[in-house]
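Asks: Pasting a structure below so you can have a look.
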Amino acid sequence: MACILLDIDGVLHVSGEPIPGAQAAVAQLRDAGHSLRFVTNNSTTPRAKLAEELRTMGFDLDDTELQTTPRAAARELAGKRVFALVMSGVLPDLEDIELVGDGAEAVLIGGCDESLEPNQVFSYMNLARAFAELQAGADFYCMHKNRWWQTSRGPQLDGGAFVAGLEYATGVEATVLGKPS
């Protein structure tokens, strides 16, 4: 049987509310013998918590079936000094990265969540610091370049807007670690 990649946000659920019939569709794919991988550009929630939230919504999955952008970032940037503009919730998944305030080897941009935290993470001062690190030669990475994502309140601006702004200002193109890369 085939290995099927299933997106999560906006496909299996929206703002924590399962899309009608999604759990049954996942179960039907499993019953047909398909291998499943759940993939997400969610860069605000640690993998273990995201997996538990999906199970609470009625989806049957093992943590190892869930592929997240913070985990991809941790693999790619392991051992490096990184200036990271990310939501605090994903810090446990970035365990092999040395997070620094300056003198970075790389700049990492994550996504936004529905809290007030993006106001602090993507402040002018933090974006200016990222700009300075890139100007000083740091490599540029982003967990994804999503322009927006679907929420129960409608489309919300995401981190891709900040990535595009830094690319424009520095002339440095970010390496995308999440989907579709």
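The values are calculated or read from the model by the stated rules, or taken from the named source; none is laboratory data. Nothing here was measured: the structure is a model prediction, and the numbers come from that model. Every residue, glycine among them, receives a Cβ derived from its backbone with ideal geometry; neighbour counts consider all protein chains shown. Keep in mind that these areas ignore ligands, DNA and RNA; they rest on the heavy atoms of the full protein, side chains included. Shrake-Rupley method; radii C 1.70, N 1.55, O 1.52, S 1.80 Å.
Asks: Taking segment 1-29 on its own, how many of its residues are out of contact with any strand residue (DSSP E or B) (no Cβ under 8 Å at 6 or more places or on another chain) and assigned to a strand (DSSP E or B)?
Replies: Here is the first cut: in segment 1-29, the residues out of contact with any strand residue (DSSP E or B) (no Cβ under 8 Å at 6 or more places or on another chain) are 11, 13, 16-18, 20-21, 23-25, 27-28.
Now narrow it down to the ones that are assigned to a strand (DSSP E or B): 13, 17-18.
Adding up the residues that qualify gives 3.
Asks: Do any strands (runs of 3 or more DSSP E) lying entirely in segment 108-181 carry at least 1 residues that are crowded, with 19+ Cβ neighbours inside 10 Å, and which ones are they?
Replies: Answer list for segment 108-181: 139-142, 148-151.
Asks: Looking only at segment 58-75, which residues are open to solvent by 30 Å² or more (accessible area, probe 1.4 Å) and more than 14 Å from the chain's Cα centre (by Cα)?
Replies: Hits for segment 58-75 are 58, 60, 62, 63, 64.
Asks: Residues in segment 17-36: is at least one in contact (Cβ under 8 Å) with a residue 40 or more places away in the chain and not aliphatic (A, V, I, L, M)?
Replies: There is at least one residue in segment 17-36 that is in contact (Cβ under 8 Å) with a residue 40 or more places away in the chain and not aliphatic (A, V, I, L, M).
Asks: Here's a follow-up. Have a look at 91, 99, 85 and point out the one that is in contact with a strand residue (DSSP E or B) (Cβ under 6 Å, 6 or more places away or on another chain) and either open to solvent by 50 Å² or more (accessible area, probe 1.4 Å) or without any contact (Cβ under 8 Å) to a residue 40 or more places away in the chain (or both).
Replies: 99
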